[in-house]
Amino acid sequence: MEFGRKNIKRNQIQEVWQSYCRPFFLSIIYPHFCSLLMKNLASLSTLLGAPKKVAIVTHFKPDADALGSSLGLAGYLKKKGHEVNVVTPSDYPDFLAWMPGAETVTALSKKSKEPEIRATEIFNRADLIFCLDFSSLGRIHELGEVVRKASATKVLIDHHLEPEDFAEYVKWDVKSASTAQLIVELINELGDQALIDEPIATCLYAGLMTDTGGFRHNNTTAREFKVAEELTSLGANPSHIARLIYDTNSLGRLRLTGYVLSQKLVVLPEYRTAYMTLSQEELRQFDVQTGDTEGLVNYGLSIKGVQLSILMYDRGEEIKISFRSLGDFSVNDLARKYFEGGGHKNASGGSSKQSLQDTLKRFLDILPEFKEKLINNS
Ligand SMILES: [Mn+2]
């Protein structure tokens, strides 16, 4: 009976999606966004035909796709003769510091106002600002308004859901697993594949590899492998890059993982859900640095049957939440509705101004609303 009921429900949903939403989305919204760039590719190409002052900015606490796509694009634009500056609204994880060009990034810091002053100057005198791997200006915190007000032409290249309308040029594709591959496709569309050298290919491959979870997530398709093949043939070394990203843990980070898995991981089989929380004191105890908590949330999903995994940790100023899910269960919807966040269907982020305990309580209180979806999820 369960099985039959579930099928009827799913069929009904699929019918509505197939007959109304999907055609609308595919015929009107999606091509609109995609064609914006295609239509303007010639003018973007003309714009890049003469040396320009270019700023590239990516999201707060950049991951490998954010930093890799930014440094890959920067490397390419420098070879085209442009003056390029990469800005990040916060520091980036140590395990990304090896990326070619990372040492040139202007990274905002809590310790000094100087990078923010420099970043503001960069944006104010830029001819072009590329916004990579984020879909709304809120994701770059205090720099959002600086970018919005800057007179430069703005280019948004991204794959997150529901982009904000602030850029003149948009290359946006939620079906793309990574922003890095959109950069590869852009360079190809501009006829410049020959300019992708080993450092550029390496940065872009790192973004593609991590945003597909090492080519394992369900966003991995033939298209991703095609780009991976292209980047590999242009000099990216898959095993070397995988080692630099995944196998350069500090002992502290590994101990933190062990602690979380043995002491902090809670499974709720009736909701097919796993969650973990980390207090400020625990973050201090393990000397947690930027990026150290990355990937922890995925362990929850590695448990057989679990469809939803959540990690909450107390950053002091707010509670950060990572959401991961499998299949049709949208953590983007959950994060948007309750935790001021969003991202992708199966990977989203959120935050809360309440205490860690209250945030967890809130999550446990809303969980029953999603019970049926989680039980029937596949
Ligand atoms: Mn990304």
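Read-outs: derived from the displayed coordinates by stated rules, not from any lab. The structure presented is a predicted model; accordingly, all values stated were derived computationally and were not measured. Cβ coordinates were reconstructed from backbone atoms using ideal geometry, including for glycine residues, and neighbour counts include every protein chain displayed.
Could you check which residue among F329, F225, F123 shows the biggest mean-square fluctuation in a GNM of the chain with a 10 Å Cα cutoff? In the Gaussian network model the winner is F225.
Take the Cβ-Cβ distance between L195 and K226 as r, set R0 to 30 Å, and report the resulting FRET efficiency rounded to the nearest 0.05.
Working: r = 19 Å, r/R0 = 0.63.
Efficiency at R0 = 30 Å is approximately 0.95.
In the chain, inverting the average of 1/r over every pair of distinct C-alpha atoms gives 21.8 Å as the Kirkwood radius. Computed about its Cα centre, the charge dipole of the chain is approximately 640 debye, with only Lys, Arg, Asp and Glu carrying charge at their Cβ. Each of D94, D173 has some number of other Cβ atoms within 10 Å of its Cβ, and from fewest to most they run D94, D173.
In the chain, the DSSP beta bridges split such that about 40 percent are antiparallel, to the nearest 5. For K361, the lysines whose Cα falls under 22 Å of its own Cα, not counting residues fewer than eight places away in the same chain, are K264, K320, K337, K353, K371, K373. Over the chain, DSSP H runs of length four or greater, each weighted -39,500 (n - 2.57), average out per residue to a 222 nm ellipticity of -12500 deg cm²/dmol.
Which of E282, E224 has the fewest other C-beta atoms within 10 Å, and how do the rest follow up to the most? Walk me through the numbers before you get to the answer.
On the way: E282 17, E224 20.
Ranking E282, E224 by Cβ neighbours within 10 Å, fewest first, gives E282, E224.
Scanning the chain for long hydrophobic helices, with DSSP H runs required to stretch 18 angstrom or more by C-alpha along their axis and to average at least 0.5 on the Kyte-Doolittle scale, returns 30-47, 198-211. Evaluated with a Cβ-only charge set (Lys, Arg +1; Asp, Glu -1), the stretch 251-376 carries a dipole of roughly 260 debye about its Cα centre, given to the nearest 20. For a label point 7 Å from the Cα of L41 along Cα→C-beta, name the residues of the stretch 52-89 whose backbone N is under 20 Å from it. Counting only backbone N, you get 73-74, 76-77, 80.
At R0 = 22 Å, how high is the FRET efficiency between Q285 and D94 if r is their beta carbon distance? Nearest 0.05 is fine.
Details: r = 19 Å, r/R0 = 0.86.
Efficiency for this residue pair is about 0.70.
Using the Cβ-Cβ distance between I303 and E121 with R0 = 45 Å, the FRET efficiency computed as 1/(1 + (r/R0)^6) comes to roughly 0.40.
Counting every other Cβ atom within 10 Å of each residue's Cβ, E185, E317 order from fewest to most as E317, E185. Put a dot 7 Å past the Cα of R255, heading toward its Cβ, do the same for S151, and the two dots end up 5.5 nm apart.
Across the chain, the mean sequence separation of Cα contacts (distance under 8 Å, 6 or more residues apart), normalised by length, yields a relative contact order of 12 percent. The amide H of K154, built 1.01 Å from its N in the peptide plane, has I129, E168, Y169 as neighbours under 5 Å, considering only residues 5 or more places off or on other chains. In terms of packing, defined here as the mean over residues of other Cβ atoms within 10 angstrom, the peptides 198-207, 330-339, 140-149, 297-306 line up highest first as 198-207, 330-339, 140-149, 297-306.
With the convex hull built on the Cα atoms of the stretch 48-246, state its orientation-averaged projected area in nm².
Details: hull surface 40.7 nm².
So the mean shadow area of the Cα hull is 10.2 nm².
Between R216 and N237, the simple spin-label model (points 7 angstrom out along Cα→Cβ) gives 2.4 nm.
Semi-axes, largest first, in whole Å: what does sqrt of 5 times each Cα gyration tensor eigenvalue give for the stretch 251-376? Walk me through the numbers before you get to the answer.
Working: eigenvalues 101, 53, 32 Å².
Those come to 22, 16, 13 Å.
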